[in-house]
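Presented below is the structure to which this report refers.
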Amino acid sequence: MKNVNEARRDEHFAEQISTAIWHEKPSDDNPFISRESRCHGYEHLALMQQKSFAEVIFLLFRAELPTQDEHTLFNELLIALIHPGPRHNATRAAMNAAVSKTHSSHILPLALQVLGGQWQGSEEVFLAAKFLLKSQGQAPEDFTIDTPAELTTDNTKPELQLAPGFGSLYGTRDTYTHQLADRLLALPQAGKTLQWGQQLITAQANERIGWRISGLTAACLIDLGFSPYQAELIFQIASAPGIAAQAAEKADQPITAMPFLNDKDYAIKT
Amino acid sequence: MPSKPELHFAEWLARRTQITSHKGGWRIGDAVYNQGLSLLDDVVGSWSWVELLLFNLTGRRPAPALLKWVEWSFICVSWPDARIWCNQVAALGASSQASGVASTSAGILAAESKLYGPGVLPSCYTLLSQLVAQSRSGESIADMVASKQKLPGFTRPIALGDERVKAMQAASLELGFKPGEFERTAIAISDYISDSTGESLNFGGYIVAFLADQGFSCREITELYTYSIAVGALTCYTDVRNDIPGGFLPLRCEDIRYEGPADRELPKSQ
């Protein structure tokens, strides 16, 4: 192989970090202490007194406060996502760690790593958002069970997937997510992405295909102006409270408070 | 196609209370079985940790030369330099007085990147597989390069050239390995582009080429390097952990350049 000597590229790296989100103004007697903090120009203390948590999260990511309709949709979505449920793998990871006395500071990080997957997780939200942005200009009828590139049609597989965020859950339509979707679709701010997702499902002949929570999250957040990257992060933030509460409930319980299978239920096939 | 709803979730019902492992498990009072071996009787005292890692990932016990090659390749990515992004994450953890586990695992997560670290290996594998197929069909090197928009495995951040490739090529020779089809193709591409762009085969591209020639799949290669940066990250953690809290690259308020909106009042009617 021809020799290429190692040499630093002539790249210009920033000499300091820049941000348009948060402005800390130094105190007079210590340059490391802030005397005033502002979020996209609004004073932090004023936000504390006058705005909700949801409004300030929206401001952080979108650079402007939400309108009333945007606030309603965003706030209801955050509550829709507030608990993945005690059966979700991420919640169970948190409970398993808590009951086995894992350091408390590790609980949310480890659970959110589990939540980061492509099945019922934040990466599925990212992929669903990308799919929706790419596809919502097309007729929903174009995405059918016969679309081979987008759909698993193998009947030996118990799960159906039309596209990221759209398919079955444990073999059938996730009717609870559909209840959440019905509520969100009824809000004034429900936009063209949510409507398109609903039309996509309606266009399917297979009743096992429906909204997954990831697809619903992605559609709402695109309608609210979030990018796929931001949508994935919002999903993680919104899901954290329920996971954390479940872990805290288990933290003081004995290690026997969670199942540990007997040998007869642990088959070794090597 | 199944029509009754219960057929759609029968697969999950069968799995509710049992684990089936194809790797092994603990039979209390008997042994810890690991792919047919007793971990404590057959492995402890004779195998190295990396040997067990390779065996469990691939199901194959590595030849001594391959084992040494893998261990040396891990050393190549164990840099005690806290400017490297994943290592800086670990150092920041230390500066926040987070634990070594938290800081190192944060560094490992950071290294699953699209620009460097184990996160680039799948795209390197995909590209090299395509190039090998094109080479087999008689395409010229120029046509192969022209057909690609990106060449993962042939560039790296910060520097041109990659001394680790030279070090591992020398080690490979010493261990008795000869370049296979993937490595020969990678070298041919490297030689071609180094003349025109100054870029060359980087370490990720090299290890993928070498291990593909040894029969490793994309998934096996990627999983093998899961912990690969851990030594560097943990070393950077230990470098900082006894320093003063917050003492790693501390920033004054004014060290962050604010580029957002000017100070503004909250709207009255929101």
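Values computed for the structure shown
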| item | result |
| --- | --- |
| Residues that are more than 17 Å from residue B:267 (Cα to Cα) and out of contact with any Pro (no Cβ under 8 Å at 6 or more places or on another chain), drawn from the stretch A:29-52 | A:29, A:30, A:31, A:36, A:37 |
| Residue list for the stretch A:106-138, restricted to those being basic (Lys, Arg) and in contact with a helix residue (DSSP H, G or I) (Cβ under 9 Å, 6 or more places away or on another chain) | A:130 |
| Candidate set: the stretch B:215-255, residues that are within 14 Å of chain A (Cβ to nearest Cβ) and closer than 17 Å to residue B:110 by Cβ; chosen: the one surrounded by the most Cβ atoms within 10 Å (Cβ to Cβ) | B:248 |
| The one condition in (1) modelled with pLDDT of 95 or more; (2) closer than 16 Å to residue B:221 by Cβ that residue B:95 fails to fulfil | (2) |
| Options A:219, A:244, A:205: the member that is in a helix (DSSP H, G or I), surrounded by fewer than 21 Cβ atoms within 10 Å (Cβ to Cβ) and either touching a residue at least 24 places away in the same chain (Cβ under 8 Å) or among the acidic types (Asp, Glu) (or both) | A:244 |
| Selection within the stretch B:157-189 - part of a loop (DSSP other than H, G, I, E, B), in contact (Cβ under 8 Å) with a residue 12 or more places away in the chain and more than 11 Å from chain A (Cβ to nearest Cβ) | B:176, B:177, B:180 |
| Any chance residue B:41 is assigned to a loop (DSSP other than H, G, I, E, B) and more than 23 Å from residue B:171 (Cα to Cα) | no |
| Residues located in the stretch A:11-54, provided they are of a type in the set (D, E, K, R), assigned to a loop (DSSP other than H, G, I, E, B) and either more than 8 Å from chain B (Cβ to nearest Cβ) or touching a Cys at 6+ places or on another chain (Cβ under 6 Å) (or both) | A:15, A:28, A:29 |
| Test: residue in the stretch B:85-98 that is more than 13 Å from chain A (Cβ to nearest Cβ) and outside any helix (DSSP H, G or I) | no |
| Residues of the stretch B:105-119 that turn out to be more than 12 Å from chain A (Cβ to nearest Cβ) and more than 19 Å from residue B:156 (Cβ to Cβ), as a count | 0 |
| Matching residues in the stretch B:156-203 - criterion: being β-branched (Val, Ile, Thr) and over 20 Å from the mean Cα position of the chain (by Cα) | B:185, B:187, B:189, B:193, B:197 |
| Odd one out for residue B:112 among (1) assigned to a helix (DSSP H, G or I); (2) closer than 26 Å to residue B:220 by Cβ; (3) not polar (S, T, N, Q) | (1) |
| Qualifying residues in the stretch B:142-159 (those that are of a type in the set (A, V, I, L, M, F, W, C) and in contact with a Leu (Cβ under 9 Å, 6 or more places away or on another chain)) - the one farthest from residue A:5 (Cα to Cα) | B:144 |
| Matching residues, the stretch A:183-233, being of a type in the set (Asp, Glu) and within 17 Å of residue A:167 (Cα to Cα) | A:207 |
| Test: residue A:231 is within 13 Å of the chain's Cα centre (by Cα), buried (at least 21 other Cβ atoms within 10 Å of the Cβ), away from chain B (no Cβ under 14 Å) and not aromatic (Phe, Trp, Tyr) | yes |
| Lone unmet requirement of (1) assigned to a helix (DSSP H, G or I); (2) among the small types (Gly, Ala, Ser); (3) at pLDDT below 95 for residue B:233 | (3) |
| Pair list, Cβ < 6 Å and 6+ apart or interchain, from the stretch A:1-29 residues that are free of Cβ contacts under 8 Å to residues at least 40 places away in the same chain to residues that are of a type outside the set (A, V, I, L, M) and assigned to a loop (DSSP other than H, G, I, E, B) | A:4/B:161; A:4/B:200; A:5/B:161; A:6/B:161; A:18/B:259 |
| Subset of the stretch B:193-212 that is surrounded by fewer than 18 Cβ atoms within 10 Å (Cβ to Cβ) and in a helix (DSSP H, G or I) - its residue that is farthest from the other protein chains (Cβ to nearest Cβ) | B:196 |
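The rows are residues; the columns are (1) under 18 Å from residue A:83 (Cβ atoms); (2) of a type in the set (Ser, Thr, Tyr); (3) in the same structural domain as residue A:142 (by TED's automatic domain parsing).
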{"site": "A:174", "(1), (2), (3)": "yes, no, yes"}
{"site": "A:177", "(1), (2), (3)": "yes, yes, yes"}
{"site": "A:187", "(1), (2), (3)": "no, no, yes"}
{"site": "A:191", "(1), (2), (3)": "no, no, yes"}
{"site": "A:196", "(1), (2), (3)": "no, no, yes"}
{"site": "A:199", "(1), (2), (3)": "no, no, yes"}
{"site": "A:204", "(1), (2), (3)": "no, no, yes"}
{"site": "A:219", "(1), (2), (3)": "no, no, yes"}
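The values are calculated or read from the model by the stated rules, or taken from the named source; none is laboratory data. Here the structure is a predicted model, which is why all the values come from computation and not from measurement. Methodologically, a virtual Cβ is constructed for each residue, glycine included, from the backbone with ideal geometry; neighbour enumeration extends over all protein chains shown.
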